[in-house]
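Below is one structure; the comments refer to it alone.
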Amino acid sequence: MRRVGITTTIPAEFIFAAGGVPVDLNNIFIADAAPMGMLERAERGGLPRAVCGWIKGMYGAALAANVESVIAVSDGDCSHTRSLAEILGTEGVKSIPFAYPYDRDYGLLKRQMDKLAAFFGITFADAEAMMRRMDRIRKKLHRIDEMTWRENTVTGFENHLFLVSASDMDGDMERFEQKVDAFMAEAAAREPLPQTIRLAYIGVPPIFTDIYQFLETRGARVIFNEVQRQFTFPFETGDLVERYRRYTYPYDVFSRVRDIEAEISRRGVHGVVHYVQSFCHHQMEDVVFRKHLAGLPLLTVEGDAPGPLDARTRLRIEGFCEMLGSKRRKAAS
Amino acid sequence: MKTLGVDVGSRYVKLAAFDGEELLFAEKLDTIKFYTLCRHAGKVDISRLPVFLEKGFAYERVVSTGYGRYNVRIEGSAVISEIKAHTLGAAYQSGLSDFTLLDLGGQDTKVVRVRGGEVDDFVMNDKCAAGSGRYLENIATILGITPEELAGHTDKPVPLSATCAIFGESEVVGALAEGADIGHICAGANLSVAQRLAPLARRYGSDKYVITGGVACNGGVLEFLGEKLGAELIVPRHPLFNGAIGCALEAAAVNA
């Protein structure tokens, strides 16, 4: 079966409809037993130190994951992806560029999808049919998200893990759905988790392996994972193009702000953790989030290489949770 | 009640001993020496320090903070974050309840907006040594002088990078090679630290900044920083012991 690497969320409907296996290279990298090895492989290959750890990790993952081609998001994500695709080309991995048009132009996005259909030798209608199949699973992921913040039976890490997997559905939809079903049944039988500080996690998924767990040891739980939730397309539309137009992450920061604001108020969030990746252009967006989410305390956490939280970041998180706890006690008294 | 505050830093361990609201004494020890003296049977027993015997001081409660807090559990000690410790210490030492705290340590810069004597919000420096106490120490080492000798200079600062500590160091070597005056290079180092700190400090703009940590002892940095911020900079009596003082006060408050 054709294994197709992806560098971020793309319309995986086209790969599945063609009988292929989408492989999110980010997930291959971070879920590896030794992700640092993949990153080092990229540095040995000559990638500069001052390049985002995800890009270097994806380079190592693409070579390790035995993919025949990679759909590289050339617009709407990191511009390093273009160079990554070119370097992978020198290693014999073919890449197909996919561009999210910055102005959300419907026609341009449709053309990008038509190109995917042509590449995989399927029709647009095939992909639309696959979307309806995938939506059945996505609906279950929306339910997991709801169980996280409404019923309080799902941890921030579990929420992250299931929602982030929506990009490639572990490459095997049937098995992924069974895993989702089993998890939902298990979580439904749980007692609600203790009421703690309720946090929003915004920004790209963390390269740290233990941030959710550490937050929970400090009396705080993530009940909203911004970008991971977007990977599940949490909005109603039967139109495949419209679906990828309404997806916030590849476009302007202000649509992300509106999405975050709405979810924060709906979910009763006490504080925001903004994760930024070293050397990533998204770091600049911290300025916008701090302006627009001014009513809520916001902690910016920066990660570089995979692994557990470093002592300094733990210190910041600890101080942040302590501050939120004392604000809540003050408000309650 | 007699309380003890312990701030376990990367270079020094700072102690502050209180009787109620009164500071009895403050001591600093080399961190390595601290471990040598206190580690016993896999635990860190702070009561083994000779200073308590010398001063005839026995504490009833102890609270600690600092980098050591995850690896070192001091016998009988409660642990608070550095942010909280420094805020409590600065509010006590300055007598203020609404201000912006700038704690300038060896590795970390903390900027805390304090309202009603409590942490309202804070930011910290990014993962870089530029603008830190460690950077000033390194520059002093390159120049073959002490950090104290480097501290006073503000005259004709040689332009040095505020972007990267390592590049900053090579620029110092370059400036020396070009025959620049050592005093002017010192002024340049002090200015580059102030340049790095000012934007972070302005996140919580205030008419009063309380400055603590080792860099608060550098008059040159403070002069440049004061010019940039256009605000009153208040250096309390014990800038180095501020975190330890906050811990000792917390020890008393928890018991009250």
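The values are calculated or read from the model by the stated rules, or taken from the named source; none is laboratory data. Note that the structure is predicted; figures quoted are calculated from it, not measured. We place every Cβ from the backbone using ideal geometry, glycine too, and count neighbours over all the protein chains shown. The area values use the complete protein model at the heavy-atom level, side chains included, leaving out ligands, DNA and RNA. Shrake-Rupley method; radii C 1.70, N 1.55, O 1.52, S 1.80 Å.
Of note:
- Residue within the stretch B:154-163 that is touching a residue at least 40 places away in the same chain (Cβ under 8 Å) and aliphatic (A, V, I, L, M) present: no
- Of everything listed in (1) surrounded by fewer than 17 Cβ atoms within 10 Å (Cβ to Cβ); (2) in contact (Cβ under 8 Å) with a residue 12 or more places away in the chain, the single unmet condition for A:Tyr275 is (1).
- Among the criteria (1) within 18 Å of A:Asn225 (Cα to Cα); (2) open to solvent by 20 Å² or more (accessible area, probe 1.4 Å); (3) not in a helix (DSSP H, G or I), the one A:His282 does not fulfil is (3).
- Whether a residue is closer than 22 Å to B:Pro236 by Cβ, touching a residue at least 40 places away in the same chain (Cβ under 8 Å) and buried (at least 21 other Cβ atoms within 10 Å of the Cβ) was assessed, and B:Leu104 passes this test.
- Pick from the stretch A:28-72, criterion touching a residue at least 60 places away in the same chain (Cβ under 8 Å) and among the aromatic types (Phe, Trp, Tyr), ranking: farthest from A:Cys280 (Cα to Cα): A:Phe29
- The set of residues in the stretch A:235-252 that are open to solvent by less than 20 Å² (accessible area, probe 1.4 Å) and assigned to a helix (DSSP H, G or I) comprises A:Leu240, A:Val241, A:Arg243, A:Tyr244.
- Against the test of being within 28 Å of A:Phe14 (Cα to Cα), out of contact with any Ser or Thr (no Cβ under 6 Å at 6 or more places or on another chain) and modelled with pLDDT of 95 or more, the options A:Phe224, A:Phe162, A:Phe214 yield a single qualifying residue, A:Phe162.
- Matching residues, the stretch B:83-103, being in contact with a helix residue (DSSP H, G or I) (Cβ under 6 Å, 6 or more places away or on another chain) and within 11 Å of chain A (Cβ to nearest Cβ): B:Ile83, B:Lys84, B:Ala85, B:His86
- Any hit, the stretch B:58-66, residues being in contact (Cβ under 8 Å) with a residue 60 or more places away in the chain, farther than 15 Å from B:Ala244 by Cβ and out of contact with any Phe, Trp or Tyr (no Cβ under 9 Å at 6 or more places or on another chain): yes
- Any hit, the stretch A:221-234, residues being open to solvent by 10 Å² or more (accessible area, probe 1.4 Å) and free of Cβ contacts under 8 Å to residues at least 40 places away in the same chain: no
- Whether a residue is of a type outside the set (Phe, Trp, Tyr), at pLDDT 95 or above, open to solvent by less than 40 Å² (accessible area, probe 1.4 Å) and over 17 Å from the mean Cα position of the chain (by Cα) was assessed, and A:Thr153 passes this test.
One line per residue, one yes/no per condition, for (1) over 19 Å from the mean Cα position of the chain (by Cα); (2) farther than 18 Å from A:Phe289 by Cβ; (3) buried (at least 18 other Cβ atoms within 10 Å of the Cβ):
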site: A:Gly171; (1), (2), (3): no, yes, yes
site: A:Ala188; (1), (2), (3): yes, yes, no
site: A:Leu193; (1), (2), (3): yes, yes, no
site: A:Leu199; (1), (2), (3): no, no, yes
site: A:Gly203; (1), (2), (3): no, no, yes
site: A:Pro206; (1), (2), (3): no, no, yes
site: A:Ile211; (1), (2), (3): no, no, yes
site: A:Gly219; (1), (2), (3): yes, yes, no
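- Any chance A:Arg314 is within 14 Å of chain B (Cβ to nearest Cβ), closer than 29 Å to A:Asp32 by Cβ, basic (Lys, Arg) and open to solvent by 20 Å² or more (accessible area, probe 1.4 Å): yes
- Number of the condition not met by A:Ile28 [criteria: (1) aliphatic (A, V, I, L, M); (2) part of a loop (DSSP other than H, G, I, E, B); (3) buried (at least 20 other Cβ atoms within 10 Å of the Cβ)]: (2)
- The set of residues from the stretch A:291-311 being part of a helix (DSSP H, G or I) and within 8 Å of chain B (Cβ to nearest Cβ) comprises just one member, A:Ala311.
- Summed over the stretch A:75-115, residues that are open to solvent by 60 Å² or more (accessible area, probe 1.4 Å) and of a type in the set (Ser, Thr, Tyr) total 4.
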